[in-house]
Amino acid sequence: MTYSSRDFARELLDELQKGYDLVRISRWAMATYLKHSRETEPELDREIMKVVTMEEGPEFELSEDELVRLADKLTA
């Protein structure tokens, strides 16, 4: 079964409903990536890694609004 962009976007929005916590969301994205790594397309891998790397430094951080826009883009 394929893990789609829509699946990731829906789950990302669910995580944001719990509150914007950069570290928690980054770690959730990594766990999601590892869980579904064989089921995703390369384009989705890149988008997931954008969220994973947020914890690596301020230059990689995405705001809550940017994460919502990413989810919207993935569902389009």
Heavy-atom accessible area per residue, the chain, 1.4 Å probe: how many Å²? 64 Å²
HN-Hα couplings for region 23-34 via Karplus (6.51, -1.76, 1.60; θ = phi - 60°), in whole Hz with x for Gly/Pro, come out as 5, 4, 5, 4, 5, 4, 4, 5, 4, 5, 4, 5
So, with +1 on the Cβ of K and R and -1 on the Cβ of D and E, and no other charges, what is the size of the charge dipole of the chain about its Cα centre, to the nearest 20 debye? 260 debye
Tell me, what % of the accessible area of region 19-76 is carbon and sulfur with a 1.4 angstrom probe? 52 percent
Region 46-76 and region 1-27: distance between their alpha carbon centers, rounded to Å: 10 Å
What is the set of long-range amide H partners of T40 at a cut-off below 5 Å, with H atoms built 1.01 Å from backbone N? Y3
Which length gain, in nm to one decimal place, applies between E59 and R38 when the Cα-Cα distance is subtracted from 0.36 nm times their residue separation? 4.7 nm
Shape call for region 32-72, from the Cα gyration tensor axes a ≥ b ≥ c (a/c under 1.5 means rounded, otherwise prolate when a/b beats b/c, else oblate), comes out oblate
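The values are calculated or read from the model by the stated rules, or taken from the named source; none is laboratory data. Because the structure is a prediction, the values reported are computed rather than measured. Note that we place each Cβ from the backbone using ideal geometry, even for glycine, and neighbour counts take in every protein chain shown. Only protein heavy atoms, including side chains, enter the accessible area calculation; ligands, DNA and RNA are left aside. Shrake-Rupley method; radii C 1.70, N 1.55, O 1.52, S 1.80 Å.
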